[in-house]
Amino acid sequence: MDTKHLPILRHAGIVLLVAGLLDLAALTYSFVQGLAYVSGLNLFGVVGGVFLMRGSLQAALVVRWLAAFLLAVLLATVLVFPFLQPFSLTFAQLRLGLGPGPFALALGACALALLAWLVWQLGREPVRAARATRTLRAWSMAPPALMGVALAVGLAVVVAALRSGQAAADARMLAAQRVGSDYKLHVRSIRKLRGVGGTLISAEVTAWTDSDIKNLPVQWQEP
C-alpha cells in the first residue's frame, strides 16, 4: 500500500495542532487578563491536527475545505474593510498610530500563510493519489472559496445598511453635540435591545479631525 501521503498528513497535522494549542493558550490568557482576543483555530486546530497526524484522509478533506473557506473569508475581509469606513478616517488612524499594531498584522499574516499552506499541502499529488485508491471523492475548493467571499461581502452590506439608517443619523447627531462641528463622524456599530418600555439603542461613534480621534458611546430610548 502506498504510504507517500502519510508524512504530508503528519507534517500538516503537527503544524495545525501546534497552532491550535497556541491559539487556545492565547485565548485563555486573554480571558484571564480581561483582554480582547479574536480566537480562530483553537479546537478546530487541535482536533484536525490529531486526525491528520493519524493519517486520516477524511480529515484531510474536511481540514482543506475549512481552510479554503477561512482563507477566502480573511482575504475578502481585508479587501472589503477599507470601504467600511471613510478613507479620511483610515488615513487619520495611520497618521496618529492608531491602526493595527505590528503584532496584530503579523498574526494576521501568519494566519493567512498557514491557511494557504494547508490548502496546498493537503491537495498535493500523493494525498490525491491515496484518496483515489480509497475511492474517496475529491472536494472542489470553489464552493468554500465562494461561500467565504459571499459571507464577508454580505456582512459588509449589512453593516453598511445599518450605518445609513435613521438610527445611525440619530447616533451622529448625539455625538455631534458632544464634540462640535470640527469633527467628522462615523458610526462603527449599532445595537438595539427591545424591552417592555421600548427599544434601547446603543451606538459607537468615531469622531475625528486631522489631529484627533475620539470614540464616543451614545445611547437613547425609543418607544
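FYI, it's all coordinate maths here, none of it is from the lab. Because the structure is predicted, anything quoted here is derived from the model rather than measured. Glycine gets a Cβ as well: all are built from the backbone with ideal geometry, and neighbour counts include every protein chain shown.
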remark   = Checking 120, 139 in turn, the sole residue that is under 23 Å from residue 65 (Cα atoms) and part of a helix (DSSP H, G or I) turns out to be 120
note = Over region 196-217, the set of residues outside any loop (DSSP other than H, G, I, E, B), over 26 Å from the mean Cα position of the chain (by Cα) and either closer than 27 Å to residue 94 by Cα or of a type in the set (Ser, Thr, Tyr) (or both) is 199
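Each row is one residue, and each column tells you yes or no for (1) of a type in the set (Val, Ile, Thr); (2) touching a residue at least 40 places away in the same chain (Cβ under 8 Å); (3) closer than 30 Å to residue 210 by Cα; (4) not in a helix (DSSP H, G or I).
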residue: 153; (1), (2), (3), (4): yes, yes, yes, no
residue: 160; (1), (2), (3), (4): no, yes, yes, no
residue: 167; (1), (2), (3), (4): no, no, yes, no
residue: 172; (1), (2), (3), (4): no, no, yes, no
residue: 181; (1), (2), (3), (4): no, no, yes, yes
query = Hey, among the residues in region 173-201 that are touching a helix residue (DSSP H, G or I) at 6+ places or on another chain (Cβ under 9 Å) and of a type outside the set (Val, Ile, Thr), which one's surrounded by the fewest Cβ atoms within 10 Å (Cβ to Cβ)?
reply = 192
message = Take the conditions loosely packed, with under 13 Cβ neighbours inside 10 Å and either in a strand (DSSP E or B) or not polar (S, T, N, Q) (or both) and apply them to residue 126. Does it pass?
response = no
